1. On a C-alpha basis, how far is the centre of the range 106-175 from the centre of the range 50-81 in Å? Whole number, if you could?
2. What is the order of Arg46, Arg141, Arg18, fewest Cβ neighbours within 10 Å to most?
3. Ranked by Cβ crowding within 10 angstrom, fewest neighbours first, how are Thr172, Thr280 ordered?
4. Could you pull the Cα extents of the range 94-215 along its three principal axes, largest to smallest, in whole Å?
5. So what are the radius of gyration and Dmax for the Cα set of the range 7-66, in Å?
6. The range 282-360 to the range 84-104: how many Å between their Cα centroids?
7. Under 8 Å for C-alpha pairs, at least 6 residues apart: give me the relative contact order for the range 79-182, rounded to a whole percent.
8. What's the extension gain from Asn49 to Ala374 if we count 0.36 nm per residue and subtract their Cα-Cα distance?
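Values quoted throughout were computed directly from the atomic coordinates according to the rules given, and no laboratory measurement underlies them. As the structure is a computational prediction, the values presented were derived from the model and not from experiment. Note that we place each Cβ from the backbone using ideal geometry, even for glycine, and neighbour counts take in every protein chain shown.
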Amino acid sequence: MDMRLDDDTRWQAVVDCRPEFDGAFYYVVTTVGVCCRPSCRSRRPRRENVIYFDSLADAQRAGYRPCRRCRPDQPAVDPAAQLVAWAKQQIESRQAESHPLAGVAAAAGVSPGHLARLFQERVGCSPVEHLNRVRAHRAGRLLDRGQPIAEVASAVGFDALGGFYRMFKQQTGHTPQAHRGRTAAGLARARYESPIGPLTVLADGAAVVRLLLPGEVWDESDPAPGPRPPEPVADHPTEPVAVRPAAPDQMAERRTDADDPDGDTKQPRHTGDPTTERRTEADDLLARAVAQLDEYFSGRRRRFDLPLALHGTAFQRTVWEALIEIPYATTASYTDVAVGAGRPRAVRAVGQANNRNPIPIIVPCHRVIGHGGALTGYRGGLEAKHWLLEHERTHA
Ligand SMILES: [Zn+2]
């Protein structure tokens, strides 16, 4: 494919000092004899005095010297990256406004469409998705503090409750009221001693929410995307409790012990309490999750059968769902996953979503490798990734 730009495009880029053309070509003002990047802010030359080069080296061979202002001979700062970083920060600080995005694009001096395209490419989601993710996260924190829903909606830029409900549900998979319910119930967690180290599974009554790899902790700096379910409230146990292997009766006992630190009774104290009910459901689910992990690590399970709550952007969820389809003992490239997610050009964004997979192993992001078979990264460490792939090959 011929990537050369036509002269009109190049001239317009020079006139507008468009930084996204930096590196794509260089221009020389023949009357001055210097070679510039398209973004150079020097005085606009006369068009008939401008010639173009594909590289600085070509221009230098032709006898021109690099401009001292735009320094084409020095490593380029990435103006698109700067623009996107700035826009991201602006969106975050203006999330309480009703419609911040048009204002952000205008302040950046680019069209909303152009900003959206760059943002998608560099951040892996659209500006709207990022805005909503930030808003849902903030809303979750405010709801946790007991702020009334109408006030929370207004604090994150929604005048109408309907729009707020739709956004919150779309981002988190549950309503603001259900979020409160989760706060009250907390999340149950179980630990499983796997061959790659201790794993912690977190679940609410309906689904597995998170799997922590060895060394990962679940707190404010949690790398998982999106609004996080809150930590259990203080009167519930927060320390993971070892259960291996997990049989349902052991799980029940774990809960009883935890609820009753004195250990003087084996009966749950709050029978019939709705909080206890929810914790029981979550514990049943954790028992299944731990049993299935045990089967997986002993080579007897190839696919997990558990309800999963994949909290993230719509794009991230699409990627994580595509990961689940990678068969046991096989690997896929980032490009394969991008195609599987219906976004063949979003390879970089797929990589980012892959890294933020909240439920590794069960959602097998370890089966994604780089071109040429390089293992690339893994939150649990490359050794763990290598172990998992070898384990699956052995039991295929
Ligand atoms: Zn210049």
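1. The two parts, judged by their Cα centres, are 41 Å apart.
2. Details: Arg46 9, Arg141 15, Arg18 18.
Result, fewest neighbours first: Arg46, Arg141, Arg18.
3. Values: Thr172 24, Thr280 17.
Least to most surrounded, the residues fall as Thr280, Thr172.
4. Taking the Cα atoms of the range 94-215, the three principal extents are 54, 36, 19 Å.
5. Computed over the Cα atoms of the range 7-66, radius of gyration and Dmax are 10.1, 27 Å.
6. Each part's Cα centre sits 31 Å from the other's.
7. Details: 93 pairs, mean separation 27.1, N = 104.
Value for the range 79-182: 26 percent.
8. Values: separation 325, 0.36 × 325 = 117.00 nm, distance 4.92 nm.
Here the segment from Asn49 to Ala374 would lengthen by 112.1 nm.
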